[in-house]
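Each remark here refers to the structure printed beneath this line.
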Amino acid sequence: VRAAGTLAGRDTAQRRAVLEVLRRSFDHPTAAEIHARVLGVLPGVGAATVYRTLRLLVDGAAVQELRLRDETVIRYDANTHLHDHVVCEICGVVVDVHAQVPDTVTTAVARHTGFDITGYDLRFRGRCPSCISNHGPHPA
Ligand SMILES: [Zn+2]
Ligand SMILES: [Zn+2]
């Protein structure tokens, strides 16, 4: 019983640390980036532990998993409220978008397909301000 209690306590600490790191991160970090940041809170924590904790948080709907620019790169977002993203085509930075898609779009999709539309995933892409100042608005 004591061993189980200790394990649960450690799991809770890891969970709290990962969630805390994610809630302070607005750049949609990858698992490797999250691990590096969690090390600052829980020194010595292993990558496998952080990845397993992320999986639990995603399963528990506390965290969103995002596959945006590259389908093989999974990024994490502690903001589970409905919001969209804009992705930089050059550096891959991901920023939240809080613009509202007009209802007329959903209505048009429903009319054209006969579907009852329950949601959507919207991804904008472009060049972020720092890439524009480094490379100019058009790629060389
Ligand atoms: Zn960029
Ligand atoms: Zn987001």
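The set of residues in the stretch 61-80 being free of Cβ contacts under 8 Å to residues at least 24 places away in the same chain, within 23 Å of R15 (Cβ to Cβ) and outside any strand (DSSP E or B) consists of A61, N79, T80. Among the conditions (1) surrounded by 13 or more Cβ atoms within 10 Å (Cβ to Cβ); (2) more than 16 Å from ligand 1 (Cβ to nearest atom), T80 misses just one, which is (1). Here is a list: T53, T118. Which entry is part of a loop (DSSP other than H, G, I, E, B) and of a type in the set (V, I, T)? That would be T118, the only listed residue that is part of a loop (DSSP other than H, G, I, E, B) and of a type in the set (V, I, T). Out of V105, V58, V87, V94, which single residue is within 14 Å of ligand 1 (Cβ to nearest atom), free of Cβ contacts under 8 Å to residues at least 40 places away in the same chain and open to solvent by less than 80 Å² (accessible area, probe 1.4 Å)? Going through V105, V58, V87, V94 in turn, the sole match is V87.
Looking at H35, H28, H138, H83, which one is within 30 Å of R15 (Cβ to Cβ), at pLDDT below 90 and not aliphatic (A, V, I, L, M)?
H83
When you check V87 against the structure, is it hydrophobic (A, V, I, L, M, F, W, C) and in a helix (DSSP H, G or I), yes or no?
Working: hydrophobic (A, V, I, L, M, F, W, C): yes; in a helix (DSSP H, G or I): no.
So V87 does not fit the description; no.
Residues being among the β-branched types (V, I, T) and in a loop (DSSP other than H, G, I, E, B) are represented in the stretch 99-109 by at least one member. Residues in the stretch 13-41 that are surrounded by 18 or more Cβ atoms within 10 Å (Cβ to Cβ) and not in a helix (DSSP H, G or I): H28, P29.
The set of residues from the stretch 108-123 being open to solvent by 90 Å² or more (accessible area, probe 1.4 Å), within 28 Å of V73 (Cβ to Cβ) and not charged (D, E, K, R) comprises just one member, T118.
The values are calculated or read from the model by the stated rules, or taken from the named source; none is laboratory data. All of these numbers come straight from a predicted model, not from anything done at the bench. Note that each Cβ is placed from the backbone with ideal geometry, even for glycine, and that neighbours are counted across all protein chains shown. When the accessible area is computed, the model is the full protein with side chains, heavy atoms only, and any ligands, DNA or RNA have been set aside. Shrake-Rupley method; radii C 1.70, N 1.55, O 1.52, S 1.80 Å.
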